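Notes follow once the structure below has been shown.
Read-outs throughout are calculated quantities, based only on the coordinates presented, and are distinct from any laboratory measurement. Keep in mind that this is a model prediction, so the values were computed, not measured. Reconstructed Cβ throughout: ideal geometry from the backbone, glycine too, with neighbour counts over all protein chains shown.
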């Protein structure tokens with residue numbers, strides 16, 4: 001059962017200054033030259049309600065791609081959470097830490113809200129101790145209530161109208177959040193001594209989809225609010241599928257275009273035009289983001 005994001009988060013924003021120099025170069029692109037991954041990975045996920053629906057859909061997509069042995073090791077789900085809240089779960093109940101210490105996790109997915117969030121660094125260090133080759137992904141998401149307002153989100157739900165805001169305004173609101181997360185990932189990779197952390201550019205794909213909706217180019221979706229179940233922005237099935245396609249692209253460094261739709265979107269009965277568009281937008285977002293580790297095929 002998914003928990004709704006809380007209305008207030010004790011958070012604060014980090015500075016947006018990008019590191020002037022990095023041992024990994026300007027973009028710290030960890031796997032730009034790496035080949036596509038064809039074997040299943042063991043994946044553990046940590047996050048909130050904009051993320052925790054993703055793992056079973058990703059597994060469905062992997063199966064559609066003919067990938068065997070994709071394994072969901074575990075899931076830590078806390079509504080409205082920062083990553084540090086998952087880290088702070090007492091050790092005798094912290095299955096995330098136990099799983100990572102075994103070294104039997106290939107990909108750790110994290111879904112922070114805003115920064116600072118020391119949980120990202122804590123989990124990354126522990127994950128690398130268990131498996132030096134593990135990849136850690138950070139999901140950049142779409143803004144709750146369509147606003148970037150750290151340290152707290154106290155928006156009036158009645159004042160939120162997803163369909164009224166323009167795409168240009170949405171991009172302005174997301175820009176600071178994207179820049180902060182990217183800068184933090186670069187900084188952490190430098191501290192870790194290796195480019196182990198990747199960005200899953202979900203928020204960028206969502207903006208591209210919303211732009212298509214406004215242009216009348218998305219089958220079955222007439223307004224932007226048709227993507228969400230509520231003012232805060234919880235995802236309906238098309239948006240959930242888009243999120244999972246973004247994770248597939250980064251996790252396996254493969255395009256999802258042409259795959260059968262996941263069951264939650266209708267499987268073979270899903271609108272092929274909608275499915276193709278979601279797949280294309282996810283792949284484009286992954287290819288275009290310098291920290292995704294993905295290159296065009």
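Determine the percent antiparallel among the DSSP beta bridges restricted to the chain, to the nearest 5.
Details: 1 of 19 bridges.
Within the chain, antiparallel bridges account for around 5 percent of the total.
Placing dummy labels 7 Å off each Cα toward the beta-carbon, the span from residue 159 to residue 122 is 3.3 nm.
Over the chain, dividing the summed -39,500 (n - 2.57) contributions of all DSSP H runs of at least 4 residues by the number of residues returns a 222 nm mean residue ellipticity of -11500 deg cm²/dmol. Tell me whether the range 236-284 comes out rounded, prolate or oblate; compute the Cα gyration tensor, take square roots of the eigenvalues as a ≥ b ≥ c, and use a/c under 1.5 as the rounded threshold. Here the range 236-284 falls in the prolate category. As a rough guide to protection, the peptides 218-226, 86-94 ranked by mean Cβ packing within 10 Å, highest first, stand as 218-226, 86-94. Considered as an equivalent ellipsoid built on the Cα gyration tensor, the range 42-288 has semi-axes of 28, 22, 16 Å, the largest given first.
Suppose a student asked you for the relative contact order of the chain, using Cα pairs under 8 Å spaced at least 6 residues apart; what percent would you report? Working shown, then result.
Details: 572 pairs, mean separation 71.6, N = 297.
After rounding, I find 24 percent.
P(r) tail, the range 124-170: Cα-Cα pairs separated by more than 15 Å, 62% of all pairs.
Based on the Cβ-Cβ distance of residue 269 and residue 217, what FRET efficiency does E = 1/(1 + (r/R0)^6) give at R0 = 22 Å, to the nearest 0.05? The value I calculate is 0.50.
Normalised by the number of residues in the range 149-297, the mean separation of alpha-carbon contacts (under 8 Å, six or more apart) gives a relative contact order of 25 percent.
In percent, how large is the relative contact order of the range 58-144, given Cα pairs closer than 8 Å and 6 or more residues apart?
Numbers: 100 pairs, mean separation 24.9, N = 87.
Worked out over the range 58-144, it gives 29 percent.
Sort the range 156-273 into rounded, prolate or oblate with this rule: let a ≥ b ≥ c be the square roots of the eigenvalues of the Cα gyration tensor; rounded if a/c is under 1.5, and if a/c is not under 1.5, prolate when a/b is larger than b/c, oblate otherwise. It comes out oblate by the Cα gyration axes.
Taking a ≥ b ≥ c as the square roots of the eigenvalues of the Cα gyration tensor, an a/c ratio of 1.5 or more together with a/b no larger than b/c marks the range 86-139 as oblate.
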